[in-house]
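I have placed the structure first, in the form of structure tokens, so that the comments after it can refer back to it.
The values are calculated or read from the model by the stated rules, or taken from the named source; none is laboratory data. All figures in this text were calculated on a predicted structure; none of them were measured in a lab. Heads up, the Cβs are rebuilt from the backbone with ideal geometry, glycines too, and the neighbour counts pull from every protein chain shown.
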Amino acid sequence: MEPDIADKRTAYRYLLRLARPYWPHLSLIFILNLIAAPIALLLAFPLKIAVDNVIGDHPLPPILQTFVPGSLHSSKGGSLAVAIGLLLVLSIAMNLQSFAAWLLQTFTGEKLVLDFRTQLFWHVQRMRLMFHDRRGTNELAYRIQNDAPAIQYVFLQGVMPLVSSAFTFFGLLYVTVKIDWVLAMIAVSVSPLLFLLAGKSSRRARAGWDGVKKLDSSAMLVLYEALSSIRVVKAFGQEDFEDQRFRLRSRHRMQKQVRVASIQALFHVLITTTIAIGTAAAMWVGVDHVRAGILTLGELLLVMAYMTQLYEPLKIISGKLPELQGWMVSIYRAVALMDEAPEVNEPEQALALQRASGDVEFRNVSFSYPSSGRALEDVSFEIPAGARVGIIGASGSGKSTLMNLLTRFYDPESGEILLDGNNLRSYRLADLRQQFSIMLQEPVVFSATVAENIAYGRHEASREELMAAARAARAEDFILALPNGYDTKVGEGGCRLSGGQRQRLAIARAFLKNAPVLIFDEPTSAVDIHTEQEIMHATEQLIRGRTTFIIAHRLSTVKECDLILVLRQGRMVMLTPDFQRATRAVEGLPEPEFTPKVAAAR
């Protein structure tokens, strides 16, 4: 969908702001492009000398007589030497200009892309989780990696050629008018038609490029999903299905791309035909002027050469306008990310928080996801510092949502959440996030070394602290057995490690971070009983003295907890220290009746 005027203005302002540090570079590129124009004008001059002064009997032009020795003024050999020397000098100057412009353009373009990509990446990392849920990883990655480079094309292959071509056109027009104003007017007469064609082609190209980008992103999504889930694809034998899915979306993208290319090709044919008509008309009139003695043959050749160069800026201007639309579609898509509100709100006078004691309270908290509806409804409870809390309930009951709200990945729609007696919203967000260590069902392991993974939460930690954390997490034995110990690269997503090993790395990371509040989100549901026992033993020392929340499907995981929080369909059923009572609540069983016989048995 085409962006509205406000979005366009936002994109233009952002582009200008991003390019501000590079105005000196862009200005120098512009000057180098302008230098090319007079050099191009002079390149046709040696041909005039060869025709009029070497083949013909005309004297050298007065301007050259000033710089050429008098003995060469009437010598045909001298005139030929002047023509050849001038041609060589101009060719060398043109090559030097091209080299300098190419080098500077490459540097400036790559720097613009680097800055744009890093700003987009920085901004996207600070977006709300709902934004990421809505956009998807593939879409965001595509805009950062594939749409952002359009900024260098807009400036260096769009704006710069347009501006320098305009200057070149008027310079060539001035020189042509000086030689023969009639031929100049004939040359200019086709320009309105060129711009009319350019405007119509631009509108059609913009809509076409928008569709191409969306289809390209859709094809990349299939590619990303299939390769990131390759084990599932192979397990179900769905290679052919995924191949067909990718082919279908890629084919749609190709068809759209061919349609856009057809528009541009048709436009190019119309442009070249229009220019050919103008050139033919000028040649017709020019030959008459030579016959009438208004022009010499050399001057006609010079004018025709200038007209060819005169049409080149017009061709560039009219051709760049549609081409620019494709790049601007990419810019609109990338800048749209910058318009999104970053992260959750933080008050101007936010409270600093060095280390929390760990008291947690939920007061009448409710929350809904835009796509799936209500997740929590009027939840209230208090957890004292240092308590171990098990959170149980059926899938979709709101267990993970509860912890997402505690860490301020989301903010509640109503109610408030307190840490050490203060609303989470009152703390500095960076300080608040330092109070939590989170271990997930599928531990996050980066494609780096073992040491870098453990130190992810504290990059400044010493080697000794890192190794102590690994020992505490009972991870050092398997780490030392790896080919390079702590410096072993674990592969993408930790693919060279087992599930239990990845989980122990996550525990070591939590030890090193030393946060006062721990969150275990079903940390043992994907491992066997033996590995589960090893992981739980490794966490015992970590849990001691910290407020700990353990989300679990296996009820045995929360048996040793001080308190058990039971959720059902987004509502809190109970908060109890009684494991048997919590188990019955999860299973939907009624509370046992209290009788004297039962009391006596107890």
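Matching residues to (1) outside any helix (DSSP H, G or I); (2) exposed (fewer than 13 other Cβ atoms within 10 Å of the Cβ):
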position: Gly208; (1), (2): no, no
position: Lys213; (1), (2): no, no
position: Gly237; (1), (2): yes, yes
position: Ser262; (1), (2): no, yes
position: Ala265; (1), (2): no, yes
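Filtering the range 404-425 to residues that are closer than 18 Å to Ile438 by Cα and of a type in the set (Ser, Thr, Tyr) leaves Thr407, Tyr410. Here the condition is being in the same structural domain as Phe169 (by TED's automatic domain parsing), modelled with pLDDT of 80 or more and either basic (Lys, Arg) or loosely packed, with under 15 Cβ neighbours inside 10 Å (or both); of Arg251, Arg231, it holds for Arg251 alone. Whether any residue in the range 110-126 is surrounded by 14 or more Cβ atoms within 10 Å (Cβ to Cβ) and either among the small types (Gly, Ala, Ser) or farther than 26 Å from Ala19 by Cα (or both) is what I want to check. No - not one qualifying residue is present in the range 110-126.
With respect to the stated conditions, Glu346 fails to be part of a strand (DSSP E or B) and either among the β-branched types (Val, Ile, Thr) or surrounded by fewer than 21 Cβ atoms within 10 Å (Cβ to Cβ) (or both). Within the option set Leu300, Leu324, being touching a His at 6+ places or on another chain (Cβ under 8 Å) and over 30 Å from Thr548 (Cβ atoms) holds for one residue only, Leu300.
Can you tell me how many residues in the range 371-417 are more than 19 Å from Ala552 (Cβ to Cβ), among the charged types (D, E, K, R) and touching a residue at least 60 places away in the same chain (Cβ under 8 Å)? It would help to see each step written out before you state the result.
So in the range 371-417, the residues more than 19 Å from Ala552 (Cβ to Cβ) come out as 371-374, 377-378, 380, 382, 384-386, 408-417.
Still in the list and also among the charged types (D, E, K, R): 374, 377-378, 382, 408, 411, 413, 416.
Applying the additional criterion that residues be touching a residue at least 60 places away in the same chain (Cβ under 8 Å) yields 374, 377-378, 408, 411.
Residues flagged as more than 19 Å from Ala552 (Cβ to Cβ), among the charged types (D, E, K, R) and touching a residue at least 60 places away in the same chain (Cβ under 8 Å) within the range 371-417 amount to 5.
Checked against the criterion of being at pLDDT 85 or above and part of a helix (DSSP H, G or I), the candidates Leu505, Leu518 yield just one match: Leu505. Applying the condition of being within 50 Å of the chain's Cα centre (by Cα) and small (Gly, Ala, Ser) to the range 34-52 and asking which residue is modelled with the highest pLDDT yields Ala36.
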